[in-house]
Every structure is written in C-alpha cells, then in structure tokens.
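Down below is the structure, laid out as structure tokens.
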Amino acid sequence: MHITHDWKKIRTHFNKSFSSNFHISVASVDAENNPTVTPIGSLFLNDNQTGFYFEKFPKKLPLHAQMNRNVCLLGVNSSRFFWLGALFKEKFSDYPALKLYGELGERRLATAQETKRLNRRMRMTKGLKGNTYLWGKMEYVRDINFTKAEKINLGKMTAGL
C-alpha cells in the first residue's frame, strides 16, 4: 500500500474504524524498549499524510515520545455487518484493518479549525455528561507525520484488495 497514492482510501478506512470502535490503537515503545498500546479517540487525518490527536488523557505516550517518536497506528473496521458479509462471502469488500507508521511531533495548542473538527465529530453525544468529561476543554494536540501504510493480510479473504 502506497502512503501517498492510497491516502484517500487510508483516510476512509480510519474513519470507518473510528465509527465502529470509537478509538484507534497507537503503539509506542517505553524507555525499557517494551511495546505498549494506547487507545486514542480523537485522531484526525489530514489531506497530506499527516494527522493529529488531542492529548488530554494520554500520559505514557508523551513520555515515550521523549525517547522514541516512532509510532504505529492500527485501525480495525469492527462493523458487524462488514465482518458478517465477509465471512459469508469468504472475501472482504474492503480492508478489515490498516496500520500507519509515523513520527510524533511536539505538543502544541489546538487551532480553532482542529477544535471545530473535534466538535463536529462529537456532536451526536453533545448533551451527554460523558461528552463534556471526555471531550470538553480539549486544548492540546500532537501532530503525526506518516511515512508508511500497511494493510493487514488475512489470506485469500484480503488477496484482492
């Protein structure tokens, strides 16, 4: 999978993954070279092989970035209908999972446009108490520059993708 030529497909996949899971998994490495995974519910992909996430709750990911900025993001489309259809046909119609490799940037204040994107995504849960707790006062973001994309191989069920 080519990071530039397939970027539109990658963005579509990660949007579907977020819709079915409400998070993306971000893998990083700690100071003792132990791998760890952090769920991120506020990842946004831009048009140019970059993205950002709001950094309100992650505590270890920023610490790991001080030693090693490399990350791997995993987006899985967990839609039941998507999987049941693939199991019935013995073939996926689209990617079930993709990995994105990249490098974390510095933490910075979110722009008004970035906050607007977050509010637009979370508008369906706006009146709920948990929405205010989780996505209220999101002030800081961290950029990610992506360098490589990889599709998950599930044998003949993903061979045509």
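Suppose we keep only residues that are without any contact (Cβ under 8 Å) to a residue 12 or more places away in the chain and surrounded by 11 or more Cβ atoms within 10 Å (Cβ to Cβ) within segment 85-94. Which one would you say is nearest to residue 52 (Cα to Cα)?
93
Could you go through segment 142-154 and let me know if any residue there is over 20 Å from residue 9 (Cα atoms) and not charged (D, E, K, R).
Looking through segment 142-154, none of the residues is over 20 Å from residue 9 (Cα atoms) and not charged (D, E, K, R).
Table: residues versus (1) of a type in the set (Lys, Arg); (2) at pLDDT 90 or above; (3) closer than 15 Å to residue 147 by Cβ.
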position: 3; (1), (2), (3): no, yes, yes
position: 9; (1), (2), (3): yes, yes, no
position: 16; (1), (2), (3): yes, yes, no
position: 29; (1), (2), (3): no, yes, no
position: 36; (1), (2), (3): no, yes, no
position: 46; (1), (2), (3): no, yes, yes
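If you go through segment 44-64 one residue at a time, how many are open to solvent by 30 Å² or more (accessible area, probe 1.4 Å) and of a type in the set (Phe, Trp, Tyr)?
Residues that pass the stated criteria total 1.
Being assigned to a strand (DSSP E or B) and exposed (fewer than 14 other Cβ atoms within 10 Å of the Cβ) is the filter here, so list the residues in segment 8-28 that pass it.
none
Checking residue 31 against (1) of a type in the set (Gly, Ala, Ser); (2) open to solvent by less than 50 Å² (accessible area, probe 1.4 Å); (3) over 16 Å from the mean Cα position of the chain (by Cα), only one condition comes out false. Which one?
It fails just one condition, (2).
Okay, residues lined up against (1) basic (Lys, Arg); (2) within 17 Å of residue 10 (Cβ to Cβ); (3) exposed (fewer than 14 other Cβ atoms within 10 Å of the Cβ); (4) in contact (Cβ under 8 Å) with a residue 12 or more places away in the chain:
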{"residue": "42", "(1), (2), (3), (4)": "no, no, no, yes"}
{"residue": "66", "(1), (2), (3), (4)": "no, no, yes, no"}
{"residue": "83", "(1), (2), (3), (4)": "no, no, no, yes"}
{"residue": "96", "(1), (2), (3), (4)": "no, yes, no, yes"}
{"residue": "103", "(1), (2), (3), (4)": "no, yes, no, yes"}
{"residue": "118", "(1), (2), (3), (4)": "no, no, no, yes"}
{"residue": "124", "(1), (2), (3), (4)": "no, no, yes, no"}
{"residue": "131", "(1), (2), (3), (4)": "no, no, no, no"}
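Among the residues of segment 68-119, which ones are within 27 Å of residue 142 (Cα to Cα) and part of a loop (DSSP other than H, G, I, E, B)?
Residues satisfying the conditions are 68, 69, 77, 78, 95, 96, 110, 111.
Can you name the residue in segment 133-149 that is aliphatic (A, V, I, L, M) and over 19 Å from residue 73 (Cα atoms) and, of all such residues, is most open to solvent (accessible area, probe 1.4 Å)?
Filtering segment 133-149 for residues that are aliphatic (A, V, I, L, M) and over 19 Å from residue 73 (Cα atoms), the one most open to solvent (accessible area, probe 1.4 Å) comes out as 134.
The values are calculated or read from the model by the stated rules, or taken from the named source; none is laboratory data. Given the structure is predicted, the values throughout are model-derived calculations rather than measurements. Please note: Cβ atoms are built from the backbone with ideal geometry, for glycine as well, and neighbour counts cover all protein chains shown. Accessible surface areas use protein heavy atoms only, side chains included; no ligands, DNA or RNA. Shrake-Rupley method; radii C 1.70, N 1.55, O 1.52, S 1.80 Å.
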